[in-house]
Structures are given as C-alpha cells and as structure tokens.
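Here the structure is laid out as structure tokens; the discussion comes afterwards.
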Amino acid sequence: MKTYDLIIIGAGPAGLNAAVYAARYKLKTLVLGEITGGAAAKAYEICNFLTYKKITGFDLAVKMKEQVADLGVETRPEKVKKISKNKLFEVKTHDKTYHAKKIILATGTEERKLNMDNESRLIGRGISYCATCDAAFFKDRKVGVVGGNDAALTAALLLSQHASQVYIIYRKDHFFRPEPTWIDLVEKNNKISSIFSSNITRLIGKDKLEAVILDNKKELKLDGLFIEIGSTPRTELAKDIGIKLENNFIKTDTEQRTSIRGVFAAGDVTDSTLKQIIAAAAEGAVAAKTAYNEITEEN
C-alpha cells in the first residue's frame, strides 16, 4: 500500500503553496484538485501579488503549477469523495483510494447561484459564472453582471473589452465593497453602466438568454449574464469527518490545525478574515510546516 506523508486536497494558491513547502521539507506529497489555480485562475487581473505588477489569474495558476511540478510533487486532477481515518487517513476519489499520515484541506469556495427558474438550463446559453472563461463569446453583444464586489467589477472591466455594452446590476445604492481602484476604472469606462438598487426577478429565454426582468418591472435585453454574487466555502469533506466549523468555514488555530489532529486547513475554506491569494498561500505554507512538525514529532 502506497502511503504519503501528506495529501493536499485542493489545487488553488493555498494547496499549491502548501505543496511547495512540503517539497522543501522532503515530505512525500500528493495534491488532489480538479481545477489548477482554483478560483484565482478565473481572475481577470491580479495587481496586488508580489513580483507581478499585473498578471491574469490563469497565467499565475500556470506558473504555480509549473513550480510545483519542478519540485517533483505528484498532482492528480481528481475529485475527493470521502475521507476517513483508521491508523492512517484514507482518501477516496471516484475510483482510487490513497493513504496519508496528514491531510491539508484547501478546498476553497464555489460560486453562489441566483437560484432562479431557468438558471441551470441557461448555463452555457447566456448564463456564466466566469468572465475570464466566457467573455470572448460575447463580442459586440450586450451583457450584464450581477453583484457589487471586486469580482463583479473586474468581470465588467474584462467584458467591456469584448461586449458592446455592460450593465452592472447591484442591489445596493452604491459600490462600497470593492477596492477603490476598481470602482474608479468602472466609473470611467463608457461601455459600463451601473444599475443600482435593483435585483433580477426573472430570467427570460428558451434556448438562450434573451432578457432579465428587474424588480422595478423593467425588462433589460441581454445576450449574456455573468453572476458574481460571492461564494460559499466547500466544507462537505470537513463536515463528513466531523471537523468543527464556524459560520460555515473551517475553524483553525494560528498554525492551521483543525479540530481533528492530523487535519489542517488553508485558504478561503477557513475562517480567516482576508480572502486574498497572498493570504491563502501564506496559510498553505503554515499548514505544511505544522504537518511537517507533527510528522517529525511522531517518528
């Protein structure tokens, strides 16, 4: 039976940086993650990560993956279905079972949905949760972005490079959550119009999105709608093995330990206050160091 010192679940900045540090500590490590770069890979532009004045999320994810590969860390694009514990941790994917002394959960978040009629049916037919992935499909079209956070504004800026018109639909009466820089760029962009104090009440379209209805009864013709209303932590695996949560995030101590010995957590799935790439990467480094310390103590 092949046993790893450490299995990292999640291949975003937290998981991949944990892998870098685990390699430095000479831990036999496996990274399991479906999406390299995690949510960060979808970012239109990253301007607050050291060493890069400006870089796309996709390009940063590629560089992270290359660094992990250069260090000889094994990575597999597999979804973990279940974790259990006997003497070792047992990690099951669709058709494989892996064993490890320690686990780092870096499972990140998933996009919130509007939970409206037609939403699921229109995904890929006008409805999208990733401007970086789909913006180019809407050249010279009219599109909308739902939300008022950093992700919503940066999605609108990216879309403005392709679409003829971009509407930001936001339930508040002004932007207060994004970085001021993004607000300035949006307000100066003549392709972007903000519709404040508004919610979408209905999606119109049979074979593809055609329009949305706002709560003031106004119909807004759109070819595409990008939903950026935040995300929820992926805590299903943590719940299954009984890890303590707080406000639906994994609760950790200052060394990224969870309530179960041998399981650590890092990145956006934790109860940290700063949900940024640099913070997630730092937590991954701390988790790897703590895992190394425990393994050393136990040997």
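The values are calculated or read from the model by the stated rules, or taken from the named source; none is laboratory data. Keep in mind the model is a prediction, meaning the values are calculated, not measured. Neighbour counts run over all protein chains shown; Cβ positions are idealised from the backbone, glycine included. Just the protein is used for accessible areas: all its heavy atoms, side chains included, with ligands, DNA and RNA removed. Shrake-Rupley method; radii C 1.70, N 1.55, O 1.52, S 1.80 Å.
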Distant-in-sequence amide H partners of I127 (H built 1.01 Å from N, under 5 Å): L209, L225
What is the helix-to-structure angle for 277-298, meaning the angle in degrees between its Cα long axis and the longest Cα principal axis of the chain, kept from 0 to 90 and rounded to the nearest 10? 10
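What does the extension gain come out to for E219 and S259, with contour length at 0.36 nm per residue minus their alpha carbon separation?
Values: separation 40, 0.36 × 40 = 14.40 nm, distance 4.98 nm.
Going from the current span to full extension adds 9.4 nm.
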Order these peptides, 228-235, 282-289, 184-191, by their mean beta-carbon neighbour count within 10 angstrom, highest first. 282-289, 228-235, 184-191
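Largest first, how would L71, L88 line up by accessible area (1.4 Å probe)? If you can, show how the numbers build up before the last one.
On the way: L71 75, L88 50 Å².
Correct descending sequence by accessible area is L71, L88.
Go through H174, H99, H162 and list them by solvent-accessible area, largest first, probe radius 1.4 Å.
Values: H174 95, H99 30, H162 55 Å².
Greatest to least solvent exposure: H174, H162, H99.
Using a cut-off of 15 Å between beta-carbons, work out the net charge of the residues near L60 (Lys and Arg +1, Asp and Glu -1, L60 not included).
Neighbour charge sum, excluding L60 itself: +2.
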In whole angstrom, how far apart do the alpha carbon centroids of the range 144-179 and the range 185-217 sit? 10
Let me know the Rg and Dmax you get for the range 179-227 when you use only its Cα atoms, in Å. 13.1, 38
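Where the only charges are on Cβ atoms (+1 Lys, Arg; -1 Asp, Glu), what is the dipole of the chain about its Cα centre, to the nearest 20 debye?
Details: 45 positive and 38 negative charges, 98 e Å.
Roughly 460 debye, rounded to the nearest 20.
With +1 assigned to the C-beta of every Lys and Arg and -1 to the C-beta of every Asp and Glu, and no other charges, what is the dipole magnitude of the range 215-289 about the Cα centre in debye, to the nearest 20? Please list the in-between numbers first.
Details: 11 positive and 12 negative charges, 25 e Å.
It works out to roughly 120 debye.
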Between E45 and R177, the two model label points (7 Å from Cα along the beta-carbon direction) sit apart by a distance in nm of 2.1
Go through the cysteines of the chain and tell me which have no other cysteine Cβ under 4.7 Å away. C47
Note, N216: beta-carbon cut-off 13 Å, +1 each Lys/Arg, -1 each Asp/Glu, net +2
Give the Cα extents of the range 179-275 along the principal axes, in whole Å, largest first. 54, 36, 22
Would you mind putting 34-40, 135-141 in packing order, based on average other-beta-carbon counts within 10 Å, highest first? 34-40, 135-141
For A43, which sequence-distant residues (separation of 5 or more, or a different chain) have an amide H within less than 5 Å of its own amide H, given hydrogens modelled in the peptide plane? G57, F58
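Two decimals is fine: what's Rg over Rh for the range 1-121, C-alpha atoms, Kirkwood radius as Rh? Don't skip to the answer; put the middle values down first.
Working: Rg = 16.1 Å, Rh = 15.5 Å.
Ratio of gyration radius to Kirkwood radius for the range 1-121: 1.04.
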Mean 1/r over all different Cα pairs, inverted: what Kirkwood radius does the range 113-207 give, in Å? 13.7
Karplus-derived HN-Hα couplings along the range 62-69 (A = 6.51, B = -1.76, C = 1.60, θ = phi - 60°), whole Hz, x at Gly and Pro: 4, 5, 4, 4, 5, 5, 5, 5
Sort the following peptides by mean Cβ neighbour count (other Cβ atoms within 10 Å, averaged over residues), highest first: 118-130, 199-211. 118-130, 199-211
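Per residue, what accessible area does the range 102-212 have, given a 1.4 Å probe and all protein chains present, in Å²? Could the numbers behind the result be given before it?
Working: 5570 Å² over 111 residues.
Value returned for the range 102-212: 50 Å² of accessible area per residue.
Based on Cβ point charges of +1 for Lys and Arg and -1 for Asp and Glu, what charge dipole magnitude is obtained for the range 96-229 about its Cα centre, in debye rounded to the nearest 20? Walk me through the numbers on the way to the answer.
On the way: 21 positive and 17 negative charges, 78 e Å.
Value, rounded to 20: 380 debye.
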Euclidean distance of C-alpha centroids, the range 25-96 and the range 242-299, integer Å: 15
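For the range 220-299, what is the accessible area per residue in Å² when the probe is 1.4 Å? Mind showing how you got there, number by number?
Details: 3660 Å² over 80 residues.
That works out to 46 Å² per residue.
Quantify, in whole percent, the carbon and sulfur part of the accessible surface of the chain (1.4 Å probe; protein heavy atoms only).
48
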On a 0 to 90 degree scale, rounded to 10, what angle separates helix 13-24 from the longest Cα axis of the chain? 30
Based solely on C-alpha atoms, express the radius of gyration and the Dmax of the range 3-55 in angstrom. 13.0, 41
Given a 10 angstrom Cα cut-off, can you work out which residue in L114, L50, L159 is the most mobile in a GNM of the chain? L50
Please work out how much accessible surface Y21 shows to a 1.4 Å probe, ignoring ligands, DNA and RNA, in Å² rounded to 10. 90
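Would you calculate the volume per residue, in Å³, of the smallest convex hull containing every Cα atom of the chain? Numbers along the way, then the final one.
Values: hull volume 41.7 nm³, N = 299.
Dividing the Cα hull volume of the chain by its residues yields 140 Å³.
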